[in-house]
Amino acid sequence: MLKRYQVEHYFKSDPAVTVCLARQTELDKLFIIKRLRVGSEEEERFYWETQVLKHLKHPRIPLLYDIQKDKDYYYIIEEYVEGESLKSAVSRRTFSVSTAIRYTIQLCDILEYLHRHSSGEILYLDCQPDNIILSEDTLFLVDFGSSVYSEDFACRNYRYGTLGYAAPELYEKQAKATPATDIYGVGALLYYMLTGEMPLAGEVHGQKRIPKKIMNVIKKCMRHNPGQRYGSMKELSDVLQNIHLKSVVKKNKETTYLVISVAGADRRVGVTHLGMSLANYLEKKGYCCLFAEQTAPGILMKLLECQKKKDLRVKEGVFWYKGIRMMPYYGKIVDSEFEKIKTKCKKALVLIKDYGLLCDEISEEYLKGDVCLLVGDGKPWEFTKFFEKIPTIRSEKTFLVVNLADGAMFYQLTKGQRYSFIRMPYFRRWWSPGRVGNNFLELLSCEILQKEGVDNSL
């Protein structure tokens, strides 16, 4: 074993492959170390795994720190993610529909990242419960021993896949793998999370606790013909997101509605941009949204004054611009106008309230939202302002959004924090966020559902 590392636990130990949890004594930090014997049958697998890992940089994929070799062994040193395997979690209790969908959407996000990687299309090929770690309600994908660049798949002399979760094309004589192969595994995992059962030979059976819409998604993911599955992880995620969003709203006699409060830990951190982007996204998903300014600065009115009149419609103090309804700050009239809209609206209604800078005077009103979003600056010297506000608004329904930080900085700032964070990527146009912006808004919508605590209303 490597010097300067002290083994604390063995996950796997045999003559060819050893996987252990080890502490780097100088840093007093835990790492995962994989050791493979030189000349073993696993040597080829080691090669392909390292070819993939060295190019990956995703907040829910453990980092590859080092690759070493001596006369007898190869070593892979990876980040340790503290948590529980999906297999262990499900063995105690199967998940609610809402939770299972939320985790599946997170998995789709990771796999979409692999399939669209800048270095080439990467196939994971081993979506199974042991390879997923749940840490503080966040899903991590580990063990890339079966992963490969799609262009290199035919060059491998081995086929890997876990019975029940591996797509049938992996077992064919002329095996061919595509992103659809991973889609099959995602469908199998969704079935497993809801039933605790491993699907054998692609056979899934209707369960009373699985809604018909979800069962249809699972069956489509697991069709024998890869061409009949979903076309991409993005398409699958969109379908699940649409199903999930329909459960977000509260029901009353007039209509269905949800109130989302948005505020900033500091000024100029993108509160208004986030609120309008979310309103635009939900409108496109079929909801009736009203974005309402809650404080006096009048930023929204200044913004609207700059726009071309032909692109702007106004009726009874409500502006319609770029696909969303907006209401500048008028005082308490906002609430009364919302009641009018709510009465007339036949669709699910979402009210997004922009509170600007969060301060003590408005914190009570801000927390009345069904879901609360707090936006902060991701620059290291500004990040601490989040923690100045958290004691005031600490709530299960509050989610922390980090703006103005790239992926690497976000990872460093939030790693090991006891709070849940999501990174807001840069996109200039809130009405046209692009693929990156839409992926973020999908994930945020999923988190909104979690904070709303919807479990069984699908």
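The modelled label-to-label distance for the pair T25/N216, using points 7 Å beyond Cα in the direction of Cβ, is 6.2 nm.
When +1 charges are put on Lys and Arg Cβ atoms and -1 charges on Asp and Glu Cβ atoms, the dipole computed for segment 173-233 relative to its Cα centre reaches about 240 debye.
Under the simplified labelling scheme, the D152-S13 pair shows an inter-label distance of 3.1 nm, with each label point 7 Å from Cα along Cα→Cβ.
Among the GluC sites (Glu not before Pro) within segment 353-436, those in coil by DSSP and having at most 16 neighbouring Cβ atoms inside 10 Å are E382, E396.
Ordering I324, I32 from the fewest to the most neighbouring beta carbons within 10 Å gives I32, I324. Among the listed pairs K34/K176; K87/K234; K368/K389; K12/K34, a Cα-Cα separation exceeding 19 Å is found for K34/K176; K87/K234. Here the Karplus relation 6.51 cos²θ - 1.76 cosθ + 1.60, evaluated at θ = phi - 60°, turns the backbone of segment 110-124 into coupling constants of 5, 5, 4, 4, 5, 5, 10, 5, 5, 7, x, 5, 10, 9, 7 Hz, with x for every Gly and Pro.
Convex hull of alpha carbon positions in segment 1-90: directionally averaged projected area 6.7 nm². At an R0 of 45 angstrom, the distance between the Cβ atoms of A175 and S420 translates into a FRET efficiency of 0.70. Ranking of V269, V38 by neighbouring Cβ atoms within 10 Å, starting from the fewest: V38, V269. Dipole magnitude for segment 1-100: computed about the Cα centre from +1 point charges on Lys and Arg Cβ and -1 point charges on Asp and Glu Cβ, it is near 240 debye. Placing a label point 7 Å from the Cα of H224 along the Cα-to-Cβ direction, the residues of segment 168-191 whose backbone N falls under 12 Å from that point are 168-169. Listed by chain and number, the aspartates and glutamates placed with their C-alpha closer than 12 angstrom to that of K415 are E79, E82, E136; residues fewer than eight positions away on the same chain are left out. Across segment 282-295, coupling constants 3J(HN,Hα) worked out from phi with the 6.51/-1.76/1.60 Karplus curve, θ = phi - 60°, read 5, 4, 5, 7, x, 9, 8, 10, 10, 9, 10, 6, 10, 10 Hz, and Gly and Pro carry x. When the charge dipole of segment 6-135 is built from unit charges on Cβ atoms (+1 for Lys and Arg, -1 for Asp and Glu) and taken about the Cα centre, the candidate among H55, V38, Y124 whose Cα reaches farthest toward its positive end is Y124. Near T272: Cβ cut-off under 9 Å, other residues only, Lys/Arg at +1 and Asp/Glu at -1. The net charge is -2. Between I67 and T138, the contour length at 0.36 nm per residue exceeds the Cα-Cα span by 22.9 nm.
Each value in this text was obtained by applying a stated rule to the coordinates, not by laboratory testing. As the structure is a computational prediction, the values presented were derived from the model and not from experiment. Note that we place each Cβ from the backbone using ideal geometry, even for glycine, and neighbour counts take in every protein chain shown.
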